[in-house]
Amino acid sequence: MTFDSSRTALPAGYRSRPLTADDRAALLDLDTWAFPDPHALAEFDDLPLPLTWERTVGVEPEDAPGDGLAAIHASYPFSRFPVPGATLPTAGLTWVGVHPQHRRRGLLTAMIDQHLEECRRRGEPLSALFAAETAIYGRFGYGKAADDQRLTVPRGAALRDVAGAADHTVRIEHADRARHGDLVARLHRAPGLPDGPTGINRPGWATRETEELWASYWADPKSFRASGRESLRIVVVERDGEPRGYATFRRSLDWQVTGPRGTVHLGDVVALDAAAARALWGVLLDLDLMSSTDPFLLPVDDAVMSLLVDPRAAGARVTDNVWVRVVDVPGALAGRRYQADVDVVLGITDARLPDNAGSWRLRSTAFGPASCERTDDAPDLELDVRELGAAYLGGTSLASLAGAGLVSERAPGALARASAAFGWPVAPGCGWVF
């Protein structure tokens, strides 16, 4: 596939260049302009940056390069990004920011086009991101592919019993990379790996794949301890000495006249099976001096929602999680699995990547290998690449998009069959913001 490189040109008066570790101060300064932060830059001196420098690009004014950066963007190299039943190379778009002085000049558009060109060059059929502002990325072809839920679970909330949960032992410790790094990396990876002949996994469950990301994950600077939060802690549940689940957390404590009102602020929550999940949540919901437990990002079908006797009391709020941009239509569609037989011609529009546009025949048996080839046949369904990205991880139904007028059925019955195939038994979602 080709890319119209003329579209990546920056507006007049600007130039882009790769950033290096020597640009750390300028990058952080720009980031705090784009995303206001209460901390002084000096407070970030002990904070490892998660960026992969060779994938980090800055934009500066040509006539005043010494005045700092006008914009930045970067991406994480996810070589094993989980998609339904498989993994694919994916660019995790991140640290996208424009200085207020340089807004409304086309810098963001040029940076996104540069990013998509780099995805093509590297052979990454997907780009994924978390959207700081949800109205921005749809116009670049990104679709909301997953949701997550935020909870506030009262202390002592009753949980349903699960056979084998009592067979687990519990460790509650200071989180330490030397002690827990291998355990966390191994357990965190598990939900995204295709498992068994059907390849059931959790799409979107990105794993940190670089040393920079892991160093940032394990860092525990004072700037992370806002609102009286303690240093990072970890709960590990084991069965017969083998770790089966873990959660990272920080507590904060508010002493009131009526007694202590503490909060458990959760980070990662990972369990390999139902018994481990029941054992883990049993600990997290019953820590002394705490009044509630607040998970950060949980998939909408996380086990805790079925374990809670009264899930309504957790006050679940659903919000958008991972957004997906299909960069290479045939590579992306052939690279995932489908939960039903499918033979459908998709008519795709793509204003930014014209090579994606046209008719594509997708064929697959349920949970088997898929193929996707260009065809001259008339489309059975028509949709924009944005809606293809929204449906790609199996969390958004093509039928629901059609109900909003965003997918058009041209062959009777094609919508129902394709919707069934594109779905997935496990809801997509990522447990950390990249």
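The values are calculated or read from the model by the stated rules, or taken from the named source; none is laboratory data. All of these numbers come straight from a predicted model, not from anything done at the bench. Note: ideal-geometry Cβ built from the backbone for every residue, glycine included; neighbour counts use all protein chains shown. For the accessible areas, the whole protein counts, side chains as well, though only heavy atoms, and no ligand, DNA or RNA atoms are used. Shrake-Rupley method; radii C 1.70, N 1.55, O 1.52, S 1.80 Å.
The C-beta contact set for segment 210-225 (first residue part of a helix (DSSP H, G or I), second residue hydrophobic (A, V, I, L, M, F, W, C), distance under 7 angstrom, 6+ apart or interchain) comprises Glu212/Leu49; Glu212/Leu51; Ser216/Leu49; Ser223/Phe44; Ser223/Leu47. Number of residues in segment 279-320 that are among the acidic types (Asp, Glu) and farther than 24 Å from Ala163 by Cβ equals 3. List every residue pair whose Cβ atoms lie under 7 Å apart, where the two residues are 6 or more positions apart in sequence or sit on different chains, the first residue falls within segment 334-361 and is more than 20 Å from Arg139 (Cβ to Cβ) and touching a residue at least 24 places away in the same chain (Cβ under 8 Å), and the second residue, located anywhere, is charged (D, E, K, R) and assigned to a helix (DSSP H, G or I). So the pair list comes out as Val342/Arg417; Val344/Arg417.
Restricting attention to segment 277-310, and to residues there that are in a helix (DSSP H, G or I) and in contact with a Pro (Cβ under 9 Å, 6 or more places away or on another chain), which single residue is farthest from Arg186 (Cα to Cα)? It comes out as Met305. Taken together, the residues in segment 319-337 that are outside any helix (DSSP H, G or I) and not hydroxyl-bearing (Ser, Thr, Tyr) amount to 12.
Listed here are the residues, each with its yes/no results for (1) touching a Ser or Thr at 6+ places or on another chain (Cβ under 7 Å); (2) over 14 Å from Val327 (Cα atoms); (3) of a type in the set (D, E, K, R).
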{"site": "Trp53", "(1), (2), (3)": "yes, yes, no"}
{"site": "Pro89", "(1), (2), (3)": "yes, no, no"}
{"site": "Leu93", "(1), (2), (3)": "yes, no, no"}
{"site": "Pro100", "(1), (2), (3)": "no, yes, no"}
{"site": "Leu107", "(1), (2), (3)": "no, yes, no"}
{"site": "Glu117", "(1), (2), (3)": "yes, no, yes"}
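Checking every residue in segment 300-320 against the condition of being free of Cβ contacts under 8 Å to residues at least 12 places away in the same chain and either open to solvent by 40 Å² or more (accessible area, probe 1.4 Å) or within 25 Å of the chain's Cα centre (by Cα) (or both) gives at least one match. Considering only residues in segment 290-299 that are surrounded by fewer than 20 Cβ atoms within 10 Å (Cβ to Cβ) and more than 16 Å from the chain's Cα centre (by Cα), the one that is farthest from Pro154 (Cα to Cα) turns out to be Asp294. Mind checking whether some residue in segment 138-155 is of a type outside the set (S, T, N, Q), within 16 Å of Ala279 (Cα to Cα), touching a residue at least 12 places away in the same chain (Cβ under 8 Å) and open to solvent by 30 Å² or more (accessible area, probe 1.4 Å)? Yes - at least one qualifying residue is present in segment 138-155.
Checked against (1) open to solvent by less than 10 Å² (accessible area, probe 1.4 Å); (2) within 24 Å of Pro354 (Cβ to Cβ); (3) of a type in the set (Gly, Ala, Ser), Ser408 passes all but condition (1). Taking strands (runs of 3 or more DSSP E) as the structural unit, those lying wholly within segment 338-400 and holding at least 1 residues that are under 21 Å from Lys144 (Cα atoms) correspond to 342-349, 381-384. Exactly one residue among Arg261, Arg202, Arg233, Arg189 is modelled with pLDDT of 95 or more and open to solvent by 60 Å² or more (accessible area, probe 1.4 Å), and that residue is Arg189. Scan segment 156-181 for residues that are open to solvent by 60 Å² or more (accessible area, probe 1.4 Å), within 23 Å of Glu230 (Cα to Cα) and charged (D, E, K, R) and the total you get is 3. Inside segment 227-265, residues that are within 17 Å of Pro295 (Cα to Cα), not small (Gly, Ala, Ser) and not in a loop (DSSP other than H, G, I, E, B) make up a count of 12.
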